[in-house]
Amino acid sequence: MASGQCKRGFASLAAMSMQPVPSRRIALSFALVFVLGVVAMAAGIWRYGYQQALGQLAQRAEADLALASDRLTTRLQVYRELAVLTADHPALRGLEAPGRREAAQAMLLEVADKTGALDIVYADAGGRVLAAAQGVIGPDLAGAGYFRRALHGALGAEHGLVGVARSGPEQSGPDRRRAYYFAAPAFGPDGAVIGALVVVADVEDVERSWRGSLPAVFFVDERREVFIANRSDLLFWRRDPGQLGLTPPGGAALPFGTAQSGGHEIWRLDWGQYLPRQALHLTRDLPLVGLTGEILVDVAPARRLAGLQAATVAAICLAFGAVLFLVTERRRALAQANARLEVRVADRTRALSQTNAMLRREVAERQEAEAALQQAQADLVQAGKLSALGQMSAGISHELNQPLMAIQQFADNGAAFLDRGRGEKVAENLSRIADMAARMARIIKNLRAFARNESEPMGKVDLVQVIDSAVELTAARLRADAVQLDWAAPAAGLYVWGGEVRLAQVFVNLINNAADAMAGGAARRIAITIADEEAQLAVHVADSGPGIADPDRIFEPFYTTKEVSGEEGMGLGLSISYGLVQSFGGNIRGVNAATGGAVFTVELERCRQERAA
């Protein structure tokens, strides 16, 4: 667009120069008109470039806000699940006895220390606190909204300030901390709510990991108050009804203005040195935690980029205008000046063509890179299966070699019995040879199915058959390592939504990881059970090993506690399994069992009849 306008202006000036030399006033008038046109064009280019830069900035801001929101909800979800899982703990039963209260309090204190919770409290149905890790929320919870919701059998959640005693002899008075409360009901044998377990999460501990790592991000609650932020200066700022900006607590409103630019909301503010003066403002609702996430991203880089583009185009146009103005003043050098002008225009056109070609090549390269990434992900899944087959190769070779030797022996015996005319013995040996061949065919069938690169879409899969295949593939390795496998297949099939080969890979990885974890242990046992729930089927794979050292990192790529070598894994098995289960719409998690060892749970969506049809 800019080059076209420049060409038209150059052509008009060139045509003017072919006429008799005008007076100096006319020449200056044409020069003024040209300069005004360049200014108008530069303003249009600046606006267009600014809108484009704002669009890219908005995409990055949305990604940053989504990242911060996911970090917050994930950390709070940990405390929510902690409340649900701990509410039915056996140590919290019969707390009317003083001795049991001391044991329960010790248990809650240990859980709070390990999870980083500010406090964990158990109260009876009347709100009276029977056991507490720290006791920072008082002895009576009857008036708390989250506690009343838990008494109705639901999960209560609320946030606010809690008083915590300060440390140090020079400190006096409580320290007011921001906290999130999660209350889970505790049910009695008759199904009635007999109490509630309350987990108090320290918000400052939750936001500590991402404070200052992103642009200014803050979360506003239903009271229109900033409750969580990665800029501590913004905490407890409020938003009055009808107000777009924020007001400091206990102070007057600071300078603030807003504007719309290409569908984007721009805030103009002067709130301190750690916040931009002009910022792109985006919001994101978080109904799960009752907050609204907001982000402020500095638009100064976008303005600088747009200004640089406009200044570059204006400089180019003014330079050519100056050349043409000199040409009009020197009519005798018109032919020579026109030749130079045509060469320069051709160079600029060639440069633009080269730039366009480079842009097209970059687009093609990016598309090729995306296709390569998808292929690499599929190759990574296939490599995981081949790695598992490599670990089981010795046992599988033994599984195939044993029936081969038996077939040879039965064939020799059959030939000897045939020479003696004992037909019934010959038939018996041939029947055994057929059994051995069928066994080898079944093993090879499982290996071929497991090793192939599955490309069919997801569908109805028999979960029991998949686990049977995984058990049969790993049986030789488990016998070689003296590992006892407890697996009782249900009589009827249980159908889930997924891919048969990829799902088998998940269970092969879990069984092999459990066997690796128990290497060198005295008692080696793996138990596989299926929990038949209403909407999902949960498969539990438990082992008697040393447990999980870092449960928060077990599904990260390349994280492993084993030495990386040619025979050991590279920490990709669980990461691949996590991605496969997620692609089926399920979930996988690993925890340490109370009795020792680790328990991995794979939750899969039940394949109902109408969906299968």
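The values are calculated or read from the model by the stated rules, or taken from the named source; none is laboratory data. All values derive from a computational prediction rather than experimental measurement. Neighbour counts run over all protein chains shown; Cβ positions are idealised from the backbone, glycine included. Areas reflect the complete protein model, heavy atoms only, side chains present, ligands, DNA and RNA absent. Shrake-Rupley method; radii C 1.70, N 1.55, O 1.52, S 1.80 Å.
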Gain on full stretching of the segment that runs from residue 556 to residue 63 - 0.36 nm per residue minus C-alpha separation: 175.4 nm
Give the ranking of 114, 460 by solvent-accessible surface, highest area first, calculated with a 1.4 Å probe. 114, 460
What does the highest-first list of 466-474, 257-265, 122-130, 588-596 look like by mean Cβ count within 10 Å? 466-474, 122-130, 588-596, 257-265
Determine how large the accessible area of residue 140 is when every protein chain is in place; take a 1.4 Å probe and give Å² rounded to the nearest 10. 100 Å²
Distant alpha-carbon pairs in segment 226-380 (separation over 28 angstrom), percent: 57 percent
Given a 1.4 angstrom probe, I'd like the percentage of the accessible area of segment 200-298 that is carbon and sulfur, rounded to a whole number. 49 percent
Step through the residues of segment 478-489 one at a time and calculate ³J(HN,Hα) from phi using the Karplus curve (6.51 cos²θ - 1.76 cosθ + 1.60, θ = phi - 60°), rounding each to whole Hz and writing x for Gly and Pro. 5, 5, 5, 8, 6, 9, 8, 10, 9, 8, 10, 5
Rolling a 1.4 Å sphere over the protein heavy atoms, what is the accessible area per residue of segment 180-314, to the nearest Å²? 44 Å²
What nm distance separates the two modelled labels at residue 323 and residue 371, each placed 7 Å from Cα along Cα→Cβ? 4.2 nm
If R₀ is 60 angstrom, what is the calculated FRET efficiency for the pair residue 154 and residue 358, using the beta carbon separation as r and rounding to 0.05? 0.50
Taking a crude spin-label model, label points 7 Å out from Cα along the C-beta direction, the residue 420 to residue 258 distance in nm is 9.9 nm
Using modelled amide H (1.01 Å from N, peptide plane; none on Pro or chain starts), what sits under 5 Å from the amide H of residue 261, excluding residues fewer than 5 places away? 266
Taking every pair of alpha-carbon atoms in segment 74-148, give the share separated by more than 14 Å as a whole percent. 61 percent
For segment 251-320, state the average projected area of the convex hull of the C-alpha atoms over all orientations, rounded to one decimal in nm². 7.3 nm²
Two-site FRET efficiency, residue 74 against residue 192, from Cβ-Cβ distance with R₀ of 22 Å, rounded to 0.05: 0.10
Long-range amide H contacts for residue 231: which residues qualify at under 5 Å (H placed 1.01 Å from N, peptide plane, sequence gap of 5 or more or a different chain)? 217
Once ligands and nucleic acids are excluded and a 1.4 Å probe is used, how much of residue 303 is accessible, expressed in Å² to the nearest 10? 100 Å²
